[in-house]
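Below: the structure, in structure tokens.
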Amino acid sequence: MLGWLQHIGSLALGNAKRRAVFALLLGLVMTFSYAPFGQGWIAPIVMALWLIGLLACQTQRQALAIGFAFGFGWFGAGISWVFVSIDQFGGLPLVFSILIMVVLWAYLALFPMLAAWLWFRCRRYLSGLSLFAFPFIWLLTEFLRGWLLTGFPWLSLGYTQTSQILGQLAPHIGEIGLIVAVLLSAIGFAYTLLRKQFAWLLMPLGVYVIAMYAPHLNPMQATGENTQVALVQGNVELDLKWDPAVQWQQLATYRAMTEPYLADHDIIVWPESAVTVLEDRAEFSLQQLDVLAAAQQASIITGIIDLKYDRHHPTGEYFNSIVVLGEQAGPEGYYYGHQNRYEKHQLLPIGEFVPFESILRPLAPLFNLPMSSFSRGAYEQPNLNANGFQIAANICYEVAFPRQIRANVQDDTQLLLTVSNDSWFGDSHGPHQHLEIARMRAMEMGRPMLRATNSGVTAIIDERGRTINQIPAFVPAVASGRVAIVEGVTWYRQLGDWPAWLLAFVSLIIAGKRRQQHKP
């Protein structure tokens, strides 16, 4: 296999144009390391081959080209599913839909391009082990990608390892630490191929051995308590979801799917905006559900839209919310404005808020989608209380932001919850990537994750990221399962991103220590 890799690696050492084309192909191949393909083992190899090409760059322009080409292929294939929503719901001619996608791919490609350029600029100050500087530089550019313009941290390298051996490190160093693990493995492979010294294989081998031992250090322990949960996937068509003529019918559909599970389930979850009637207008129906669930000692958690008019919101503001009904909804049961709720903080650009909306909204339906003018909830919010269980909630896109999830997990948090509506992206790999991200959050926090969606992929996930039950996409169904409650604090929840940054910094020091005997 090493000989085969050396042959492939030689393609990365060709002329500048060949290296750029090869980098583009490597980016395309990287898509297969994410869900639903799940071939995460290729990620360190792909990165190793790309780093070999980067080492061969002689000018800044070449480094910029190889970085941009890799990023364009990586995001072009990896988030191609965004085109489904733009094409089907954007109301634009095909050529403009494609142009928007190209602009998005090009924007995201700027970040690996920046990483390649920064490494090249620093190379003159580094030792012959200059690739060891790359994990720190990559983390810097990935931090920027997750922050600028509210952030888009999708397809981060660590998610490639969710179902792989390296993924067992997630409770200790988080997804960000897995990025460093992948890159260190890639550096070991790269130097093996470049220098034909098999000793370099000890580095990726060591990373994998540590990962294999990692589960023995996991502090999570079963409490002996468990809860029976049911997640309702209504599969409501998007063309009908926001139609006022059928909004009450949708509520009736979810109620009908729920009632058979009330008697023997503790918690029943509906997806994001399952109730499309504004909360104040649906108060009476929600109170009926509250009484029905409480009578059978069950809780219903649902996504709903709230339009607030009060002294704090004098002009009226929409919030993408989650409310609890039934057991533990509150001492007085459910009423409009009760505090057992969650309001989405991390809003999706274009989908939930439109920057420069006075300019963009008139241009096309894409910039004027239903419910695309939300306000933010607080960054940190109290846990939901459903049937006595403490639940840290998030909505849709927020699950991709580990620092926000970590900030909302308390010492008494027992479950994680994410609700979503991925119908916008059709039967693509997008919803599967979304599920993969949710699994990673469960592993990092050491808590089971309940993921309820409108059309898939709905799943019950244990604290190790394993799927207990899952519903196929685009079928109306209910996922039922018994979830074990665990206790303990993962290293990642306790320490956050610091171990990953420290490891990357140590790697940077290795690169910065000049050793004349090493070849550049």
Residue within the stretch 80-93 that is touching a Lys or Arg at 6+ places or on another chain (Cβ under 8 Å) and more than 20 Å from Gly430 (Cα to Cα) present: no
Some residue of the stretch 140-152 being more than 15 Å from the chain's Cα centre (by Cα) and at positive phi: yes
Any hit, the stretch 48-60, residues being surrounded by 19 or more Cβ atoms within 10 Å (Cβ to Cβ), outside any helix (DSSP H, G or I), more than 23 Å from the chain's Cα centre (by Cα) and in the same structural domain as Val180 (by TED's automatic domain parsing): yes
Some residue of the stretch 405-420 being part of a helix (DSSP H, G or I) and among the acidic types (Asp, Glu): no
Which listed residue is surrounded by fewer than 17 Cβ atoms within 10 Å (Cβ to Cβ) and in contact (Cβ under 8 Å) with a residue 40 or more places away in the chain, from Ala452, Ala459, Ala484, Ala473: Ala484
Scan of the stretch 104-131 for residues that are touching a residue at least 60 places away in the same chain (Cβ under 8 Å) and aliphatic (A, V, I, L, M), ordered by number: Ala116, Leu126, Leu129, Leu131
For Ala392: the one exception among (1) at pLDDT 95 or above; (2) assigned to a loop (DSSP other than H, G, I, E, B): (2)
Filtered residues of the stretch 431-454 (kept if over 14 Å from Val478 (Cβ atoms) and either modelled with pLDDT under 95 or touching a strand residue (DSSP E or B) at 6+ places or on another chain (Cβ under 8 Å) (or both)): Pro431, His434, Leu435, Ala438, Arg439, Arg441, Ala442, Met445, Gly446, Arg447, Pro448, Met449
Members of the stretch 217-241 that are in contact (Cβ under 8 Å) with a residue 12 or more places away in the chain and among the aliphatic types (A, V, I, L, M): Leu217, Met220, Ala222, Val229, Ala230, Leu231, Val232, Val236, Leu238
The stretch 465-520, residues that are modelled with pLDDT of 95 or more, out of contact with any strand residue (DSSP E or B) (no Cβ under 6 Å at 6 or more places or on another chain), not hydrophobic (A, V, I, L, M, F, W, C) and not in a helix (DSSP H, G or I): Gly465, Arg466, Pro476, Thr490, Gly496, Asp497
Every residue from the stretch 260-276 that is more than 28 Å from the chain's Cα centre (by Cα) and surrounded by 14 or more Cβ atoms within 10 Å (Cβ to Cβ): Tyr261, Leu262, His265
Residues within the stretch 15-28 that are assigned to a helix (DSSP H, G or I) and without any contact (Cβ under 8 Å) to a residue 24 or more places away in the chain, tallied: 2
Matching helices (runs of 4 or more DSSP H) fully within the stretch 72-153 where at least 3 residues are among the aliphatic types (A, V, I, L, M) and surrounded by fewer than 20 Cβ atoms within 10 Å (Cβ to Cβ): 94-122
Checklist (1) surrounded by 13 or more Cβ atoms within 10 Å (Cβ to Cβ); (2) assigned by TED's automatic domain parsing to the domain that holds Gln470 applied to Ala211, failing item: (2)
Scan of the stretch 161-210 for residues that are without any contact (Cβ under 8 Å) to a residue 24 or more places away in the chain and among the polar types (S, T, N, Q), ordered by number: Gln197
Meets criteria (surrounded by fewer than 21 Cβ atoms within 10 Å (Cβ to Cβ), of a type in the set (A, V, I, L, M) and modelled with pLDDT of 95 or more) for Leu183: no
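The values are calculated or read from the model by the stated rules, or taken from the named source; none is laboratory data. On a predicted model such as this, the values are computed, not experimentally measured, just so you know. Every residue, glycine as well, gets a Cβ built from its backbone with ideal geometry; the counts of neighbours run over all protein chains shown.
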